[in-house]
Amino acid sequence: MTLTQHLRDQFIQTHPLEVARHLEGLPAQTTGDILKTIEPERAAQILEYFLPSTTAKILHQYPPTTSADILNRLSTRTTRAILRQFDSPTQERLLKLLEPQASALLRRTIYLPEHTAGNLADPHVLTLPPDITVAEALQRIAQVTNHAIYYLYIIDRGNVLCGVMLMK
């Protein structure tokens, strides 16, 4: 890696919003050409701050696998907004290339209207059945380390909410 590349990467990592502001003012083709020269992780850091319509124009220039690689690195909310800019066949092609868990979530929420509860809700909540022991429940809770748990939702085997427990 040259010194110029190292400085560029450090600047992007430290100041992605400033880079995004500058690049978003350029034509989409030019921005796409510039972003092709950097790693997908860095491109995603910048594109997280772009408007969805502009990002879609940029990603449309890339092969689907490259676009999916970048989308996998963006927040779910941003990815959903970008996917909504594409026609149905393009959405489906990209969804097939995304990580399975992200793709499943996006498939469930992409068609929900903006600012609705279903669109904004976090589907990754911890749920437990009511017929397990406390020891089993604690064991399952201990396995969830990817985010803080404030509420525990008790659902029956038919996925009907039976109760909510505050973890405090």
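Numerical summary
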| quantity | calculated |
| --- | --- |
| Top of Thr76, Thr90, Thr37 by mean-square fluctuation, Gaussian network on the chain, Cα under 10 Å | Thr37 |
| Value of [θ]222 nm, deg cm²/dmol, for the chain, DSSP H segments ≥ 4, -39500 (n - 2.57) each, nearest 500 | -15500 deg cm²/dmol |
| Descending semi-axes in Å of segment 21-67, equivalent ellipsoid built from Cα gyration tensor | 14, 12, 10 |
| Formal net charge of residues neighbouring Gln13 (Cβ-Cβ distance under 15 Å; K, R +1; D, E -1) | -2 |
| GNM result for the chain, Cα springs below 10 Å: residue of Arg93, Arg84, Arg140 fluctuating most strongly | Arg140 |
| Calculated mean projected area of the Cα convex hull in nm² (choose from [x] 9.3; [y] 12.9; [z] 13.8), label | [y] |
| Solvent-accessible area, 1.4 Å probe, carbon plus sulfur percent, for the chain | 57 percent |
| Alpha carbon centroid spacing (whole Å) that separates segment 34-64 from segment 66-84 | 9 Å |
| Residue-by-residue Karplus 3J(HN,Hα) for segment 44-61, coefficients 6.51, -1.76, 1.60, Hz, glycine and proline x | 5, 4, 6, 5, 4, 9, 7, 5, x, 5, 5, 4, 4, 4, 5, 5, 5, 6 |
| Solvent-accessible area per residue for the chain (1.4 angstrom probe, square angstrom) | 63 Å² |
| Kirkwood Rh, angstrom, segment 41-85 [1 / mean 1/r, Cα pairs] | 10.1 Å |
| Cβ-Cβ FRET estimate between Arg107 and Asp131, R0 fixed at 25 Å, reported to 0.05 | 0.25 |
| Ser53 accessible area, 1.4 Å probe, all protein chains in place, Å² to nearest 10 | 50 Å² |
| Choice from Gln45, Gln101, Gln13 with maximal GNM fluctuation in the chain (Cα, 10 Å cutoff) | Gln101 |
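The values are calculated or read from the model by the stated rules, or taken from the named source; none is laboratory data. Model, not experiment: these values are computed from the prediction. Reconstructed Cβ throughout: ideal geometry from the backbone, glycine too, with neighbour counts over all protein chains shown. Note: accessible area is taken over every heavy atom of the protein model, side chains too, but ligands, DNA and RNA are not part of it. Shrake-Rupley method; radii C 1.70, N 1.55, O 1.52, S 1.80 Å.
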